[in-house]
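Below is one structure, written out as structure tokens, with a few remarks after it.
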Amino acid sequence: MLLQDCSVVSLSAMRTATLSRTTAETAIEVEWNLDGAGETSIASGIGFLDHMLEALAKHSGTALRIRCQGDLHIDGHHTTEDIGIAMGQAFRQAIGDKAGIERFGHMQVPLDEALVAATVDISGRGYAVCAVEPPASMIGDWDTELLPEWVRAFAVNAGICLHLQQITGHNSHHLVEAAFKALARALRQAIAITGDAVPSTKGMLA
């Protein structure tokens, strides 16, 4: 994918980033305040993806605004992946030098018969494992095979190590929603300020 433009418009000292990213396939604006209170305004053009990102913001205790115009006449792949990239870049900018953060987070979230675990390490090194397998090919207007694409794009660009693990479940909507909520709650733990030093024996989180 050829990146035509990617620029951070502003970055405050309050762990907030505003970012725009434009390619031949998508035009995205993201505003992310990690110290917000769950306020959301999401418009990706894909209803189910909006629902998941709203849940992510709400349960992570952050304020998130996303606007995306993508090539949905083709499919939802570019929109989903590029939103993950832009969110990851915004997160990396907003988290700053990571001084004082808890760094690690883990949560298991149930949704009826589904149970999904998320574990995160804000290490500065992006890595993703997405072991969630919804059986349906589509949920509304969203292709479920795009879940690992979003997870990978977000984690790598955010500089976090992220593991999502399906423990049980068979309803595709429940599984994906539990995954996003588990990630949100794990992030909520990991970004919490609990000290003033960088939580690493290296003295830095690159």
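What follows is calculated from the coordinates using simple rules that are stated; it is not laboratory data. Note that the structure is a prediction, hence the values are computed from the model and not measured. A quick note on method: Cβ atoms are made from the backbone with ideal geometry, for glycine too, and the neighbour counts reach across all protein chains shown.
In terms of modelled amide H atoms, which long-range or inter-chain residues lie less than 5 Å from the amide H of Gly36?
Long-range HN contacts for Gly36: Ala63.
Let me understand the chain better: what is its radius of gyration from the alpha carbons, and its Dmax, in angstrom?
Both quantities, over Cα of the chain: 16.0, 49 Å.
What are the ³J(HN,Hα) couplings of the stretch 50-66, residue after residue, when phi is run through the Karplus curve with 6.51, -1.76, 1.60 and θ = phi - 60°? Round to Hz, x for glycine and proline.
4, 4, 5, 6, 5, 5, 4, 5, 4, 7, 8, x, 10, 10, 9, 10, 9
In whole Hz, what ³J(HN,Hα) sequence does the stretch 122-135 give by Karplus (6.51, -1.76, 1.60; θ = phi - 60°), x for Gly and Pro?
7, 8, x, 10, x, 7, 9, 10, 10, 9, 10, 10, x, x
Tell me the relative contact order for the stretch 3-191 as a rounded percent, counting alpha carbon contacts under 8 Å between residues six or more apart.
Details: 490 pairs, mean separation 45.4, N = 189.
Dividing the mean separation by the residue count of the stretch 3-191 yields 24 percent.
Select from the stretch 23-89 those trypsin sites (Lys or Arg not before Pro) which occupy a DSSP coil region and have at most 11 other Cβ atoms within 10 Å, ordered by residue number.
Here no loop site has a sparse enough neighbourhood.
What ranking do His174, His73 get, fewest neighbouring Cβ atoms within 10 angstrom at the top?
Listing His174, His73 from fewest to most nearby Cβ atoms yields His73, His174.
Please rank Phe154, Phe180, Phe104, fewest neighbouring Cβ atoms within 10 Å first, as an exposure proxy.
Phe104, Phe154, Phe180
Loop only by DSSP, 13 or fewer other Cβ within 10 Å of the Cβ. Give me the GluC sites (Glu not before Pro) in the stretch 80-133 that pass, ordered by residue number.
In loop regions of the stretch 80-133 (DSSP not H, G, I, E or B), the sparsely surrounded GluC sites (Glu not before Pro) are Glu113.
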